[in-house]
Every structure is written in structure tokens, then in C-alpha cells.
1. Could you name every one of the helices (runs of 4 or more DSSP H) located completely within the stretch 200-286 that has at least 1 residues being closer than 20 Å to LEU301 by Cβ and touching a His at 6+ places or on another chain (Cβ under 6 Å)?
2. Somewhere in the stretch 61-73, is a residue farther than 25 Å from GLN130 by Cβ and either part of a loop (DSSP other than H, G, I, E, B) or among the hydroxyl-bearing types (Ser, Thr, Tyr) (or both)?
3. Can you name the condition, by its number, that LEU78 falls short on among (1) open to solvent by less than 20 Å² (accessible area, probe 1.4 Å); (2) more than 23 Å from LYS9 (Cβ to Cβ); (3) within 24 Å of the chain's Cα centre (by Cα)?
4. Just checking, does the stretch 158-165 include any residue being hydrophobic (A, V, I, L, M, F, W, C) and assigned to a loop (DSSP other than H, G, I, E, B)?
5. Quick check, is SER44 of a type in the set (S, T, N, Q) and surrounded by 12 or more Cβ atoms within 10 Å (Cβ to Cβ)?
6. Answer yes or no as to whether GLU126 is without any contact (Cβ under 8 Å) to a residue 24 or more places away in the chain and either out of contact with any helix residue (DSSP H, G or I) (no Cβ under 8 Å at 6 or more places or on another chain) or outside any helix (DSSP H, G or I) (or both).
7. Take the stretch 9-37 and flag every residue that is aliphatic (A, V, I, L, M) and either without any contact (Cβ under 8 Å) to a residue 40 or more places away in the chain or out of contact with any Phe, Trp or Tyr (no Cβ under 8 Å at 6 or more places or on another chain) (or both).
8. When the residues of the stretch 132-159 are narrowed to those that are crowded, with 22+ Cβ neighbours inside 10 Å, touching a helix residue (DSSP H, G or I) at 6+ places or on another chain (Cβ under 6 Å) and of a type in the set (A, V, I, L, M, F, W, C), which ends up nearest to LEU11 (Cα to Cα)?
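The values are calculated or read from the model by the stated rules, or taken from the named source; none is laboratory data. Fair warning: this is a prediction, and the values are worked out from it, not measured in the lab. So basically every Cβ, Gly included, is an ideal-geometry build from the backbone, and we count neighbours across all protein chains shown. Please note that ligands, DNA and RNA were not included when accessible areas were found on the heavy atoms of the full protein model with its side chains. Shrake-Rupley method; radii C 1.70, N 1.55, O 1.52, S 1.80 Å.
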Amino acid sequence: MKGPLFYSKILLFGEYGIIKDSKGLSIPYNFYNGALKIAENPTSESIKSNAALQRFTAYLEDIQEENPELVTFNMEALNADVAQGMYFDSSIPQGYGVGSSGALVAAIYDKYANNKITVLENLTREKLLQLKNIFAQMESFFHGKSSGLDPLNSYLSLPILINSKDHIEPTGIPSQSTEGKGAVFLIDSGIVGETAPMVNIFMENLKDQGFRKMLKTQFVKYTDACVENFLHGDVKSLFSNTKKLSKVVLNNFKPMIPEQFHQVWQKGIDTNDYYLKLCGSGGGGYILGFTQNLEKAKESLKDYKLEVVYQF
């Protein structure tokens, strides 16, 4: 057996903010993908993945017992396939903020959910929210508390606009221009990030009134503006707001930025060659960059390998 491919995702804007009802914009990133397979000749990787699937399957049984009206699975088929050595064959790096667990959740739902909501039907707001809730429950197995957005993005393979917790919709984004000088890119920090500890730091910080005020008056404000600018193709405003956002993150989210990148981050703000922001929860993995001049950014960041995600 070989299941369909599910892709990684990039949350362009909205990391942490969506916990506090900011806007968000998530796009599929087809460079990485994963599929369910049954191993002919098991490797140490596929054996490890299969063991994780066994634990995940037990967790899904608990979910459907506790909340059968949310989702049920064909457990017989799932258990049989897992017993046969099924694993998730994935090129998506784990702990990099590009949705490795999201793609796995989407693949399992697609193959084993009963009465599943499919991509082909008319996706009403209710259906999207229902899918998001199912995925949030499923993905909580991997890192404590999940919004369900990563699997949703992977499952639909469409850009998703998050207006608020209860209002999400598929959206169109301006088409790419490969001639364009502007780009969104990824830098590999070389460190694996863990979501749960980073989210815990954020939740702890939320207890502080000053931090909450900064979130509302600066972080959420600039995030919302960036989403609007990006969707409307307003590049000039986009870069002005991304710069503000980059500054706010450097000043208030230091623990989420690997230490060796603090200066690189500041350099971008000082030179305007590029602006950096968190990709996912931070703490390692990828860092997201925005530049109006890709050649300039490459020169300025010549010690790092840049992966271009989107050009405009």
C-alpha cells in the first residue's frame, strides 16, 4: 500500500498570536511531504515510526470512546495495518515548524475516519471548524495543545486565512512571480525545536499584564496588518509592518529565538536587507525571512542556506 501525499505547511503570520485571536495565514509548502506505507523491508526509521503509530492508534481509540460524536475511525483496518508494519514515510523535518505531525494526522484521518469530510464537498464554515476541532483533538497527542490548523492545511492543501478562533476560510494568495526580487525564505537554525516548552513559556508570560498589553497593541496589530497586506499584494506596507513585527518579536520573544540568531535578527532590522520572524513556535527549527531584494539578503546571510518559499 502507498497512501496519497500530504504536504508540509508554513504559517506565514500568526504564530502565538492566533492563541490570542490574531489573524493568521498558513500556506502549503510542497517541498516536503509524507505518506502512509507498509514496509517491505523495515528500516530502523520505519520501525520507530510504526511504534509511534501504535501509541497514536491507542490514543485515537480513547478519543472515539470519549467523544464518538466528534469522530470515529475504522479501528479494525487501522490496527491491522499498524500490525503489518505501517509507518509514515516523510521528508518533513520534525521540530522545524513546518507541520510534520500535521501531515501524519491528515493522512490517518483521510484513510481511516468514518463519515469523513472530504476536500471535494462544499466546505462550509461549519465543516471547516468541525475538521479543525477533530484535527486539534488528534494532534494534541503530539504536543499537548493543538489548534488543528497544521493538519487542516495539510489535508486541504489550500492557503488558509484565520480571521479568529471560530472563523477560518480557504483563501487565495497573490500568484508568485519568479521574476520578482522580493521573497519569503527559510533559514535552517540547525537546532530541533520543541513546541510544548515554547508554548509553556508563552503561557507563563501571558500572566504578566505588560506582556498581554504588548501582544494586543503591537504583536497582534502588526500581525493582522501583515496578513491584510500580503493578501492584497501591498508589498510596501507589508515590509513596513514585517519590520515592526520583527522588532517586537526580538524584544519580547527572546527565549523562542536561538541565541546565535539574536545578532543576525538585529542586523536585518538595521540594514533593511531582510526581516526575520518565527516559523512555528520557535526555539529552533526554521526561521522565516522576508526580503525585498533576495540577492541582497543572500549576500547578507551568506553563512546560511536560504530556502525560498515564495517570490513576489
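1. none
2. no
3. So the condition that LEU78 fails would be (3).
4. Scanning the stretch 158-165, I find at least one residue that is hydrophobic (A, V, I, L, M, F, W, C) and assigned to a loop (DSSP other than H, G, I, E, B), so the answer is yes.
5. For SER44, the condition - of a type in the set (S, T, N, Q) and surrounded by 12 or more Cβ atoms within 10 Å (Cβ to Cβ) - is not met.
6. Considered against the rule, which asks whether it is without any contact (Cβ under 8 Å) to a residue 24 or more places away in the chain and either out of contact with any helix residue (DSSP H, G or I) (no Cβ under 8 Å at 6 or more places or on another chain) or outside any helix (DSSP H, G or I) (or both), GLU126 comes out as yes.
7. LEU11, ILE18
8. Applying the filter and picking the extreme gives LEU152.
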